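Participant: Take this structure first; my questions come after.
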Amino acid sequence: MKYTDLNFLKFLLFDVHKIEEILKFSKHSDFDKDTINMFLDAAKDISDQELYPYYQEFDEKPAVYEDDGIKIHPQLNNIFKAIVESGWVGAHFSPEHGGMNLPHMVEGAAGHIYSAANNHVSGYLALTVGSANLITSFGTQEQIDTYVPKMLQASWMGTMCLTEPEAGSSLGNLRTTASLSDEGHYEIKGQKIFISGGDHQFADNFIHMVLARIDGAPKGSRGISLFIVPKYRIKEDGTMEFNDVLTAGDYQKMGQKGYCTAHLIFGENDNCRGWLVGEPNKGLKYMFQMMNQARLEVGMTATSIATSSYFHSLQYSKERRQGKKLNDKGERATEQALIIEHPDVRRMLLMQKSVAFGSLSLLMESFKLYDLVENTEGEEKNDIFLILDLLTPIAKAYPSEYGLLAASNGVQVLGGYGFTVDFPQQQFLRDIRITSIYEGTTTIQAMDLLGRKITAQNGKALLLLMERINEDIAEAKRNETLTKYAEQLENSIKTTQKTLEYLLPFAFQKKYQSYLKDATLFLELFSHVVISWQWLKMGVVSIKAEGLNESLRQGNILAMKYYFNYELPKIKYLSDTIISTDDVIVDDGKDYIN
Ligand SMILES: Cc1cc2nc3c(=O)[nH]c(=O)nc-3n(C[C@H](O)[C@H](O)[C@H](O)COP(=O)(O)OP(=O)(O)OC[C@H]3O[C@@H](n4cnc5c(N)ncnc54)[C@H](O)[C@@H]3O)c2cc1C
């Protein structure tokens, strides 16, 4: 069964997002088109053999908490080993830290393949890599030497420990404490909930990256520090001892059941040690590095689930016969049509495809920016970072929100069978649901976009992004087939500007409720503009690229046309709603939501 299209993925990497512009940096000189193809083909082989066949079984036999900790599906051990052997874990790290300087674009593309095959897997390893990244970026040499090599072998796994019962979206309220001991380490006390990959039987140790407040530190987010808190600490003689990190349970969830979610208690017996990373009170700033990376990864997970859902429903639509073609009324119709021959089924399929593939292109764009940030200096680096920072909430929230709608269409295409466990469609729908919640809910992404990113440096990020979009519009206008769509995108930018002209005065007047109350609608509006930009780019390359497979070319053009005809027009409704002056959802009315 097809769960992703490697040809399309490679089209994005090589033709649309031109990875050769990244490979020219000396850091990546070990890679060329052939080695990248080999790396991705290997990821596909592992996925075919080790990941995809277990996708439904992970749902049927979920992670469970037993007396001695959380037990995850045994196949995960084989998968971890195979993926570690492939070199994917920490591949973007420098050789000095155990990596191979693989561009983020390729790492992300391989991550897409793994997650499309089975989205319960990559989080374990991605969080381990993200934690190791935090240590190499902000830790001491001793911390790097102690933890990172074992983490990149996945024999020790990493987690991010932010959320607490009283601190979810609002991390400034966290209560976990850190008290400096005479020996130089900190005594950690508190509990963390919903910790992905927080405990299981297939790692020798867990390296928790814990946010906590040092005694006497300021209240709120300014007083948060970052600590390494291993489940087992290393004694002076090199042996390990339990570090008083207790696993209290595993949350049972509606989806991603193979990916465990732990409830952890630190220091219940007053014997939990943590080691400060970097400077005190800078923990949230450091953690944002990991969160931004993780937000792209969550966007990729959602994209991958939506992609797999699309291919499963596409296959069904080519096998299931039902009803007659609209033009074959009466006596003329002798046999039932395939459901893909019905326009409305085609609409649902194209919706799924345009959302999933459009998101994949945006993720590739984002990973390329990430690579460029790491390979440039000075003002150029700053400008690229600003664009990446602006796109990150969209790359996280759009695939998770629209991917959910796409996966729902995936169920709908199968009719009654879509609702049964005979097919994985219902599982895609359940699995993707979490992606708009963890790593910051969609609302949090929307407030980040409108509240911080749009206004940062007097709107510089938006201007820089618009420059890029306008360049692609100009290029598209040179082609007759695309002129109409280029103009439509141009108009959609005007709609965005009009909406911002309405909103921004509220920000200047510090009327934040009026400014941010419809932030999620603005995020949706702006996402359509950004995804249309991606489709226009893909349209230009699809028409121009020589030697492109004809079916890929035509498929891209059709999906692009779908997006401009059926999705982008939604921004008119979104803009009108944002600009409407009726106060429906502001505070004063909350007593009457009854
Ligand atoms: C399966 C799973 C895995 C997870 N993995 C991890 C992990 O590995 N590490 C970790 O630290 N955490 C993890 N989390 C926690 C996750 O990041 C939080 O659940 C999420 O950030 C939301 O926090 P909350 O659940 O407390 O919801 P709340 O913050 O209580 O939010 C409830 C609702 O209120 C809205 N809301 C909250 N504040 C505002 C506001 N200021 N303005 C407008 N609306 C608002 C939210 O958008 C949401 O709709 C995980 C959660 C789950 C379910």
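Participant: Please give, to one decimal in nm, the separation of the simple spin-label points placed at GLU467 and THR577, each 7 Å out from Cα toward the Cβ.
Facilitator: 3.4 nm
Participant: With viscosity set to 1.567 mPa s and temperature to 4 °C, compute the Stokes-Einstein D of the range 91-185, Rh being the Kirkwood radius across alpha carbon pairs; µm²/s, no decimals. Write out the running numbers ahead of the final one.
Facilitator: Numbers: Rh = 15.4 Å.
Stokes-Einstein gives a translational diffusion coefficient of 84 µm²/s.
Participant: For a bin width of 10 Å, list the pair-distance distribution of the chain built from all Cα-Cα distances, rounded to whole %.
Facilitator: That works out to 3, 16, 27, 27, 18, 7, 2, 0, 0, 0, in percent per bin.
Participant: Under the rule of -39500 (n - 2.57) per DSSP H run of 4 or more residues, summed and divided by the residues of the chain, what mean residue ellipticity at 222 nm is obtained, to the nearest 500 deg cm²/dmol?
Facilitator: Helix contribution divided over all residues of the chain: -17000 deg cm²/dmol.
Participant: Let me ask you something else. Can you tell me how the range 155-281 classifies by the Cα gyration tensor, rounded, prolate or oblate, using a/c under 1.5 as the rounded cut? Provide the component values of the computation, followed by the final result.
Facilitator: Working: a/c = 2.04, a/b = 1.11, b/c = 1.84.
The shape class here is oblate.
Participant: Same structure, new question: Give me the number: length gained by fully extending ASN7 to THR483, i.e. 0.36 nm times residue separation minus the C-alpha to C-alpha distance, one decimal in nm.
Facilitator: Once the chain is fully extended between ASN7 and THR483, it gains 168.7 nm.
Participant: Determine Rg/Rh for the range 280-407; Rg is computed over alpha-carbon atoms and Rh is the Kirkwood hydrodynamic estimate from the same atoms.
Facilitator: Values: Rg = 21.2 Å, Rh = 17.2 Å.
Value, to two decimals: 1.24.
Participant: Here is a follow-up. How about the range 74-177: which trypsin sites (Lys or Arg not before Pro) there lie in a loop by DSSP and see at most 13 other Cβ atoms within 10 Å? Intermediate values should be presented prior to the final figure.
Facilitator: Details: sites: LYS81, LYS150, ARG175; in loops: ARG175.
Those that pass, being in a loop and sparsely packed, are ARG175.
Participant: Give me Rg over Rh for the range 317-376, both radii from the alpha carbons and Rh done the Kirkwood way, two decimal places. Please list the in-between numbers first.
Facilitator: Values: Rg = 20.2 Å, Rh = 14.5 Å.
Dividing the radius of gyration by the Kirkwood radius yields 1.40.
Participant: Would you mind checking LYS10/LYS572; LYS285/LYS460; LYS257/LYS537; LYS2/LYS192 for any pair whose Cα atoms are more than 28 angstrom apart?
Facilitator: Numbers: LYS10/LYS572 34 Å; LYS285/LYS460 21 Å; LYS257/LYS537 37 Å; LYS2/LYS192 38 Å.
Correct reply: LYS10/LYS572; LYS257/LYS537; LYS2/LYS192.
Participant: Taking the Cα of THR443, stepping 7 Å toward and past its beta carbon, and measuring to each backbone N in the range 368-410: which are under 19 Å?
Facilitator: Residues passing the 19 Å test: 393-394, 396-398, 400-402.
Participant: Quick test of the membrane-span-like rule: which DSSP H helices of the chain reach at least 15 Å along their long axis (C-alpha atoms) with mean Kyte hydropathy at least -1.0?
Facilitator: For the chain, where a helix must reach 15 Å along its axis and average at least -1.0, the hits are 33-46, 75-86, 104-117, 122-138, 141-152, 283-317, 343-375, 378-413, 460-477, 480-508, 519-544, 550-562.
Participant: Cβ neighbours within 10 Å, averaged per peptide: list 126-134, 59-67 in order, most packed at the top.
Facilitator: 126-134, 59-67
Participant: Once you place label points 7 Å from the Cα toward the Cβ at LYS282 and GLN315, how far apart are they in nm?
Facilitator: Each label point lies 7 Å from its Cα, and together they span 5.0 nm.
Participant: Now, a different point. Would you work out if the range 216-284 is rounded, prolate or oblate? Take a ≥ b ≥ c from the square roots of the eigenvalues of the alpha-carbon gyration tensor; rounded if a/c is under 1.5, else prolate when a/b is larger than b/c, oblate otherwise. Provide the component values of the computation, followed by the final result.
Facilitator: Values: a/c = 2.14, a/b = 1.16, b/c = 1.85.
It comes out oblate by the Cα gyration axes.
Participant: So, with +1 on the Cβ of K and R and -1 on the Cβ of D and E, and no other charges, what is the size of the charge dipole of the range 155-281 about its Cα centre, to the nearest 20 debye? Could the numbers behind the result be given before it?
Facilitator: Working: 12 positive and 16 negative charges, 123 e Å.
Dipole about the Cα centre, nearest 20: 600 debye.
Participant: Treating cross-link reach as a plain straight distance, find the lysines whose alpha-carbon is under 21 Å from the alpha-carbon of LYS235, omitting any fewer than eight places away in the same chain.
Facilitator: Reachable lysines: LYS150, LYS189.
Participant: Tell me, what does the Kirkwood hydrodynamic radius of the range 445-512 come to in angstroms if you use every pair of distinct C-alpha atoms?
Facilitator: On the way: mean 1/r = 0.0746 Å⁻¹.
With all distinct Cα pairs of the range 445-512 included, I get 13.4 Å.
Participant: Okay, next question. Give me the distance between the Cα centres of the range 424-477 and the range 524-569, rounded to whole Å.
Facilitator: Answer, in whole Å: 18.
Participant: Could you compute the FRET efficiency for ASP48 and PHE25, with r as their C-beta to C-beta distance and R0 at 22 Å, rounded to 0.05?
Facilitator: Details: r = 32 Å, r/R0 = 1.46.
It comes out at approximately 0.10.
Participant: While we're here: So if each residue of separation counts as 0.36 nm, and I subtract the Cα-Cα distance between TYR592 and ASP422, what length gain in nm does that give? Provide the component values of the computation, followed by the final result.
Facilitator: Details: separation 170, 0.36 × 170 = 61.20 nm, distance 4.39 nm.
Extra length from TYR592 to ASP422 when fully extended: 56.8 nm.
Participant: Tell me which trypsin sites (Lys or Arg not before Pro) from the range 447-506 have a DSSP coil assignment and no more than 11 other beta carbons within 10 Å of their own. Spell out each step's value before the answer.
Facilitator: Values: sites: ARG452, LYS453, LYS460, ARG468, LYS477, ARG478, LYS484, LYS494, LYS498; in loops: ARG478.
Here the trypsin sites (Lys or Arg not before Pro) that fit, given the DSSP loop and packing criteria, are ARG478.
Participant: Please tell me the relative contact order of the chain in percent, rounded to the nearest whole number, where contacts are Cα pairs under 8 Å and at least six residues apart.
Facilitator: On the way: 1013 pairs, mean separation 74.6, N = 594.
Answer for the chain is 13 percent.
Participant: Identify the GluC sites (Glu not before Pro) of the range 223-283 meeting these criteria: DSSP loop state and at most 12 other C-beta atoms within 10 Å of the C-beta. Walk me through the intermediate numbers first.
Facilitator: Values: sites: GLU236, GLU241, GLU268; in loops: GLU236, GLU268.
Listed in order of number, the matching sites are GLU236.
Participant: Shape of the range 6-142 from its Cα gyration tensor (a ≥ b ≥ c, root eigenvalues): rounded if a/c is under 1.5, otherwise prolate when a/b > b/c, or oblate? If you can, show how the numbers build up before the last one.
Facilitator: On the way: a/c = 2.63, a/b = 1.35, b/c = 1.96.
Verdict is oblate for the range 6-142.
Participant: Using amide H atoms built in the peptide plane, which far-off residues or other-chain residues are under 5 Å from GLN256 H to H?
Facilitator: Hits under the 5 Å cutoff: ASP431.
Participant: Taking the simple approach of a point 7 Å from Cα along Cα-to-Cβ for both GLU241 and GLN201, what is their distance in nm?
Facilitator: Inter-label distance under the simple model: 2.8 nm.
Participant: Any chance you could run the full-extension gain for GLU380 through LYS81? It's 0.36 nm times the residue separation minus the Cα-Cα distance, nm to one decimal.
Facilitator: Details: separation 299, 0.36 × 299 = 107.64 nm, distance 3.92 nm.
Full-extension gain reported as 103.7 nm.
Participant: Let me ask another. Would you please give the FRET efficiency between GLU166 and THR334, computed as 1/(1 + (r/R0)^6) with r the Cβ-Cβ distance and R0 = 60 Å, to the nearest 0.05? Don't skip to the answer; put the middle values down first.
Facilitator: Numbers: r = 67 Å, r/R0 = 1.11.
The computed FRET efficiency comes out at 0.35.
Participant: Give or take rounding to whole Å, what are the principal axis extents of the alpha carbon atoms in the range 222-330, in descending order?
Facilitator: Reported extents, whole Å, longest axis first: 84, 29, 25.
Laboratory data are not the source of any read-out in this text; all were calculated from the coordinates shown. On a predicted model such as this, the values are computed, not experimentally measured, just so you know. Neighbour counts run over all protein chains shown; Cβ positions are idealised from the backbone, glycine included.
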